[in-house]
Structure formats: C-alpha cells, structure tokens
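This report concerns only the one structure given below.
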Amino acid sequence: MSFSVAVAGASGYAGGELLRLLADHPDFDVRTVTAHANAGQPLVDHQPHLRSLRHLVLEATTPEVLAGHDVVFLALPHGKSGEVTASLPPETLVVDCGADHRLVDEADWDAFYGGDYFGAWAYGVPELQTSTGRGRDALVGAKRIAAPGCNASTVALSLAPGIAAGVIEPLDLVSVLAVGPSGAGKSLKVSLLASEVLGTANPYAVGGTHRHIPEITQSLRAAGADRASISFTPVIVPMSRGILATSTARIVPGTTAAAVREAWETAYADEPFVQVLPEGSFPRTADVLGANTALIGLAVDETVGRVVVVTAVDNLVKGTAGAAIQSANIALGLPETTGLSVNGVAP
C-alpha cells in the first residue's frame, strides 16, 4: 500500500533529510512540499542533492495545502507547527519534528519556550524504556506523533537503561555533547557562520538553560525515576552533522560493573537501531553518518563510582528525520525498519 505524503518546512535541514529518506521509502509517495518564505520556488533550488524530487515546487504552508494526504511531516520552527496541526484532519497521521507537542507539562513549556502551549503527543522514540514497556507501545495506531529533540533523545537513550534497571541514580546526571551546527537549523545566525565555527569549539546554553532539558528529564521519569536532574552542556564543533554525547551517572552502591553493562546490553539486545558496543569500544560520529543508528559505548569508573556512557548519532537522521519515519512506520503498521538503514557513509 502506498501512502501519500506532504512535508512542511521542506527547504530546511530537517525537511531535506526527511525527503532524502522518504524518496527511497517503498510505501511513501511524496506529493507535496511546503515552505514559508521560499514558497513558489523549485525544491531543488534549496535541496539540490534531492535529484529524484526535482519535479516538486515548494507550496505555501497552510492547512489547506497539507490536508488530503495520508501522512504529514512537519519540520517547522517551534511555535509554528501548533498553528497548523489543529486544522489538519483527525484521520491524517501527523508527525511533528518541532518542539510544539513534546512536553507533557505546560509549566515546562512556559519556562523553556513560552508562547501558546499546544499539548503533548505520542513521543517518537520507539526504543525508549518506560515503566510499562517501550516508547513504541504508544505509537501503534497513533495519529499524532512528536518526533524528539536530537540532543534530548540521545541523552535519554544513553541513560534510561540504567534508571529502568535501578543501577544508576537519577540525580547528579551530567551530559556534555559535541554537536554539529545543522542541529540549529538553516536560519542565518552569526554564531553559525563557517568563520565562527571552523577551528573552534563553542559551548552554548550553559547553566541549565537549554530547551531540551525538560524533555530529557521527562523521558527519564518515564523510565522509572521519581525525580531526575541533569547538568546538560552542548558544544558546537566543526562537523556539519552528528552528536557525540558523553553522559555520566552515579552507580547505586553495591552494584557491580557487570550488572551495569548487563542493564544496557539487555535493554537494547533486540533493537535494530540502538547498538551497544563491546567492552572497551566507543563510537565515533563518523560511524553513524547518514544512518538511523545510535551506537553506545560504556565504561565504569570505579574510582568515582560512576558509569560513563558515550553515544553517537546523526542528529538529522536518528536524532530527527529517521526517528520520525521510524515512528510513522510503527503507527501505520509497517515494518519498523522500512526505508531506514543501519549503515553509515564512510569515509
């Protein structure tokens, strides 16, 4: 069966990655692409690498244009998706790659985003452990899905197994992320110019101000923590895409190093897109380039009683577009891996 698809925000990085993956998906037929300022222009003027979709022209992002499709993917800035989603038909599967429908607590939205609160949808991280099962359980048959923030899902996948298994403490968590600037979108910003990024590493949103923090703690509470607190520091580094997250947590006293590793290996043993590396091995961002894969390496620092978890993802694939398509596959009853690859691109 073929499903008709529209992609809003198709001229941006997330929209372009959605289209790259959708172009080779055997069950999705991309019929409509939309934008705001770029409406009326050929798609290939903004996504020249998408040669198989060169016949498409960017249309205006309105509910009228998006309606009439089986699936609508939204790759819009925060605050913009919610303006559109309320007007889309209830029978349409809508997957929002923005932030508008991720947070369950309206107070978190007010504190970190502000503006109108549009309510929470099923959260699009299928592998995420919860107190009742996995994130995919809420996606089966869903018509409204919130794809994750790339940093948030990377950290949650890094730490949730330890919390669910009761081998790490959910307070005093620390994550430092090396991230590529494509995660900040395609809008022109001085801090993201090549001359500002090349040859340097730039921390940002330091001191508990990053908007993905409540999304991370929300996921960790869902994994079984009564409370969760995290010190989260992202650092822009000169690679166009990718996240390397180094997260540490206190090990519950009396827990062995073998039990710690077993928690992660058991959690992801049957997951095609989240893989735990052998002891002593740690991932590189180059190993997941273009893939819907999260690679995890971990070690126990027995001197300080902490576990160190290093996770690599492609922020535009597993962090955003791949997670969105994987979630849509589940919602529609398709094999979860359809149209997605575990293989990266090298060199």
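Details
- One chain, two ends: Tyr204 and Asp226. Fully extended at 0.36 nm per residue, the span grows by 5.1 nm beyond their Cα-Cα distance.
- Only Lys, Arg (+1) and Asp, Glu (-1) charged, at Cβ; the stretch 190-345 dipole about Cα centre in debye: 380
- A full extension of the chain between Glu64 and Ser341 corresponds to an added length of 96.4 nm, given 0.36 nm per residue minus the alpha carbon distance.
- Cα convex hull of the stretch 177-269 - mean projected area over all directions, nm²: 8.1
- Surface exposure of the chain, expressed per residue as accessible area with a 1.4 Å probe, stands at 40 Å².
- Degrees separating the helix 322-332 axis from the principal Cα axis of the chain, which is the longest one: 70
- Against the set (i) 44, 37, 16; (ii) 38, 23, 19; (iii) 32, 21, 20, the structure's computed semi-axes √(5λ) of the Cα gyration tensor in Å falls on (iii).
- Stretchable slack from Asp110 to Met1, in nm (0.36 nm times residue separation minus alpha-carbon distance): 35.1 nm
- Taking only protein heavy atoms and a 1.4 Å probe, the accessible area of the chain is 54% carbon and sulfur.
- Mean ellipticity per residue at 222 nm, deg cm²/dmol - from DSSP H runs of n ≥ 4 across the chain, formula -39500 (n - 2.57): -6000 deg cm²/dmol
- Looking at the stretch 41-132, the GluC sites (Glu not before Pro) that sit in a DSSP loop and have at most 16 other Cβ atoms within 10 Å of their own Cβ are Glu91.
- Loop-located GluC sites (Glu not before Pro) in the stretch 248-325 (DSSP state other than H, G, I, E, B) with a sparse environment of at most 13 neighbouring Cβ atoms within 10 Å: Glu279, Glu302.
- Label separation (His36 vs Ala269): 4.8 nm, computed from points 7 Å beyond Cα along the C-beta direction.
- Centre-to-centre separation between the Cα atoms of the stretch 1-73 and those of the stretch 191-208: 30 Å.
- Candidate cross-link partners of Lys80 among the lysines, defined by an alpha-carbon separation under 16 Å and a same-chain spacing of 8 or more, comprise Lys186.
The values are calculated or read from the model by the stated rules, or taken from the named source; none is laboratory data. Computed from a predicted model, the values in this text were never measured in an experiment. Methodologically, a virtual Cβ is constructed for each residue, glycine included, from the backbone with ideal geometry; neighbour enumeration extends over all protein chains shown. Areas reflect the complete protein model, heavy atoms only, side chains present, ligands, DNA and RNA absent. Shrake-Rupley method; radii C 1.70, N 1.55, O 1.52, S 1.80 Å.
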